[in-house]
Amino acid sequence: MESQFGLINLWNQGDIVTRAVALLLLVMSLSSWMVIIIKALDLRKFASQGKHTESFWHSNDFADGMGKLGNDAGNPFRALAIEGREATAHHHAQPQLHDSLAVSEWLTRSLRNSIDESTAKLQGGLAVLASVGSTAPFVGLFGTVWGIYHALISISVAGQATIDKVAGPIGEALIMTALGLAVAIPAVLGYNALVRGNKAILSKLNRFAHDLHSYFVTGARVSSGATKNVVAMKKGA
């Protein structure tokens, strides 16, 4: 025997607004989970790629180091090294307007641009999680208010306000609020986790950029005790 209450009955008895709210919450949930899974896999891949930066500095030459970074075009560490190499070569290629900048300043600007591009890629999709996390509870609350409104109208028309007649419809309407929270909570937690993961990757990128800057300017990797001589890749850093 089919239950008179629950999600199935809520869908069957709901009007177009109730169903639209339920479908919207479903789409929001699927979107947030897709972003969480895809970005989590990307962070895992970038973290693995970041581990090869130390091997890069133990290579015989730059070409050998590039080989150790891998051939993935989406590798932000490889892109950073290529950007540094091309910026240095371009600066010395032929007289141009940018020659008014010292090679250190030109290289700093180029490496910063590469990091900014990687930052934009890392942050892609986070706006979806932020939007879902902030709006899903209110979408669910709207569905609850709409459901309670129609439940009260039905009870008024029937002329029966006993507890068994009130509890069922009102309880079904409150399910929408629970669904809204069920959609919002994973989105918020996923957003926070991805932000922390992005910060870890960006921290490694900045350290690698500092070392690349020193390598292309002085021909040697910066040591841990000489970081004060490295130009920061970020303004205000």
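Observations on the model:
- The range 1-17, residues that are in a helix (DSSP H, G or I) and either charged (D, E, K, R) or at pLDDT 80 or above (or both): ILE16, VAL17
- Meets criteria (at pLDDT 85 or above, among the hydrophobic types (A, V, I, L, M, F, W, C) and over 30 Å from PHE138 (Cβ atoms)) for LEU25: no
- Remark: pairs (first residue in the range 149-160, closer than 17 Å to GLU172 by Cβ and β-branched (Val, Ile, Thr); second residue assigned to a helix (DSSP H, G or I) and at pLDDT below 75; Cβ separation under 8 Å; 6+ apart in sequence or on different chains) = ILE155/LYS165; ILE155/VAL166; ILE155/PRO169.
- Taking the numbered list (1) in contact (Cβ under 8 Å) with a residue 40 or more places away in the chain; (2) within 30 Å of ALA187 (Cβ to Cβ) in turn, ARG44 passes all entries but (1).
- Criterion: at pLDDT below 90 and under 14 Å from LEU212 (Cβ atoms) - qualifying residue of GLU54, GLU105: GLU54
- Taking the criterion of being under 24 Å from ALA200 (Cα atoms) and surrounded by 11 or more Cβ atoms within 10 Å (Cβ to Cβ), the residues of the range 55-67 that qualify are SER55, PHE56, TRP57, GLY65, MET66, GLY67.
- Test: residue in the range 27-34 that is within 27 Å of LYS68 (Cβ to Cβ), aliphatic (A, V, I, L, M), assigned to a helix (DSSP H, G or I) and in contact (Cβ under 8 Å) with a residue 60 or more places away in the chain: no
- Qualifying residue in the range 33-43 (condition: at pLDDT 90 or above and over 26 Å from LEU205 (Cβ atoms)): yes
The values are calculated or read from the model by the stated rules, or taken from the named source; none is laboratory data. The structure displayed is predicted, hence computed values, not measured ones. Counting neighbours? That spans all protein chains shown, and the Cβs are built from the backbone with ideal geometry, glycine included.
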